[in-house]
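One structure is given below, encoded as C-alpha cells.
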Amino acid sequence: MSLLSRMDIRQLRVLQGLLQERNLSRVADQMGVTQQAVSEQLRKLRNTLGDRLFIRTSNGVIPTPYAESLQPKVDHILEALADLLQPEQFDPATQDRTFTVSSTDLEQKVILPHLVKVLREEAPGIRLAVKKLELDQITTALVTGEVDLVISNPDFVPEHYPALMLYPEHYICVASVSNPAAKKRMSVREVSAIPQLVVSPSRGDFTGAASRWFEHQGFPRNVVLSVPTFTAAKACIASSDLCGFIPSRLLPDPELVEIGLERSIPGFEVIAVWHQRSGQDVLHRWIRERLQQICEPWRARG
C-alpha cells in the first residue's frame, strides 16, 4: 500500500495544527474533536511517515526537524484543497464562450428576445447559438455537449434529465378569419369536423398534443397536414379551410379567429432541460437563473 493511500485530510490538518499550536488540547478544540482523536491521528502519522514528529513537553509538544521540514508542504496542500472547494468566481461581463440552445419557434419567439437583451447588456462576450428542435437527437446532443440547453414541452424531452419549469402555456383553437366553418364558440364535435393540422418538430407525425384529447372526448379529428413550426402552422391555417391549436403567447393574429371550445384542452409547461454534467457549470447556472427571472411574470399570471 502506498504512503498516499494511508493518509487522509484529517491527518494533514492535525499535522498543520500541531506545527502551529504545539498543543494537542488546543488543536482538538479548533477541530471540534477530542484530544484522544488528535492523539490517534498523530499515531497514524508517525506510522506512515516513520518519524516521531512531535516530542511531548510539560507545556505541549515540540516538532522534530523532519516535522518542521513538512510545514510548508502541508500548508501548500491544504491551501490548494481549500481553493478547490471555493465557489468559482463568475463575472458575466468577462465571459467569452458560446452557449447553444435548442427549441421550437414558440420559445424562439417568446423567450429568445428577452434572453438576447439580457446577454447583450450583462454578458456581451457570450455568443448564443439557437438550433431548431430535433426530437430524435435531443439526448445525443445534450450528452455530447452539442447543445447546452433544450427549451421545450416536457413531452418532447428525456424524463430523467434535470429540468426547470419556465412558465405554463395553453393552446387556443384557431381558424382563418375567412373560414365559413369557424365560429367564435363551437362544440368539440363541431371542431372535429373541420380538417386540421398539427405541429410536429422534425418528425412529420400526424398526431399532435390535442389528438389524444379529442379521442377521449369521442370525436377523433381529421388531420391532413403536419408542419414543423407554429409559424408555418399559422400561415397555413390563415390561407386554408384548416383549423389547429396554437400556443396562446403566439396570438392574437389578425388573420386568425379564435374558437372557444365548450371544454378546455389541457395545457402544458415550457421547461428548460440540460444534461447532468452541465449542472454546476457557472455560465450554465447563470443563464438558467436569467431564464427563470425572465419567465417569472408569466408564471405568476399562469
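The values are calculated or read from the model by the stated rules, or taken from the named source; none is laboratory data. Source: prediction; values computed, not measured. Positions of Cβ are generated from backbone atoms using ideal geometry, with glycine treated the same way; all protein chains shown enter the neighbour counts.
On the basis of being over 26 Å from HIS114 (Cβ atoms) and touching a residue at least 12 places away in the same chain (Cβ under 8 Å), does VAL177 make the cut? Considered against the rule, which asks whether it is over 26 Å from HIS114 (Cβ atoms) and touching a residue at least 12 places away in the same chain (Cβ under 8 Å), VAL177 comes out as yes. Going by what's in this entry, would VAL177 be described as under 28 Å from SER103 (Cβ atoms) and modelled with pLDDT of 95 or more? When the stated conditions are applied, VAL177 does not pass them.
When ALA175, ALA163, ALA193 are checked against the criterion of being in contact with a strand residue (DSSP E or B) (Cβ under 7 Å, 6 or more places away or on another chain) and farther than 24 Å from TRP298 by Cα, ALA175 stands alone in meeting it. Being free of Cβ contacts under 8 Å to residues at least 60 places away in the same chain, farther than 19 Å from LEU250 by Cα and not acidic (Asp, Glu) is a property that does not hold for ARG97. For region 157-191, the candidate set comprises residues that are within 20 Å of GLY208 (Cα to Cα) and polar (S, T, N, Q); within that set, the residue that is surrounded by the fewest Cβ atoms within 10 Å (Cβ to Cβ) is SER187. Which of the numbered conditions does GLY244 fail, given that it passes all the others? Conditions: (1) buried (at least 20 other Cβ atoms within 10 Å of the Cβ); (2) at pLDDT below 95. GLY244 satisfies every listed condition except (2).
From the list SER248, SER200, SER278, the one residue that fits, being of a type in the set (S, T, N, Q), assigned by TED's automatic domain parsing to the domain that holds GLU121 and either under 27 Å from VAL147 (Cα atoms) or within 28 Å of the chain's Cα centre (by Cα) (or both), is SER278. Taking the criterion of being under 30 Å from LEU15 (Cβ atoms) and either surrounded by 11 or more Cβ atoms within 10 Å (Cβ to Cβ) or among the hydroxyl-bearing types (Ser, Thr, Tyr) (or both), the only residue of region 80-124 that qualifies is LEU81. When restricted to residues that are among the hydroxyl-bearing types (Ser, Thr, Tyr) and outside any helix (DSSP H, G or I), region 91-145 contains 5. Looking at MET165, MET186 in this structure, which one is under 31 Å from the mean Cα position of the chain (by Cα) and touching a residue at least 60 places away in the same chain (Cβ under 8 Å)? The conditions single out MET165.
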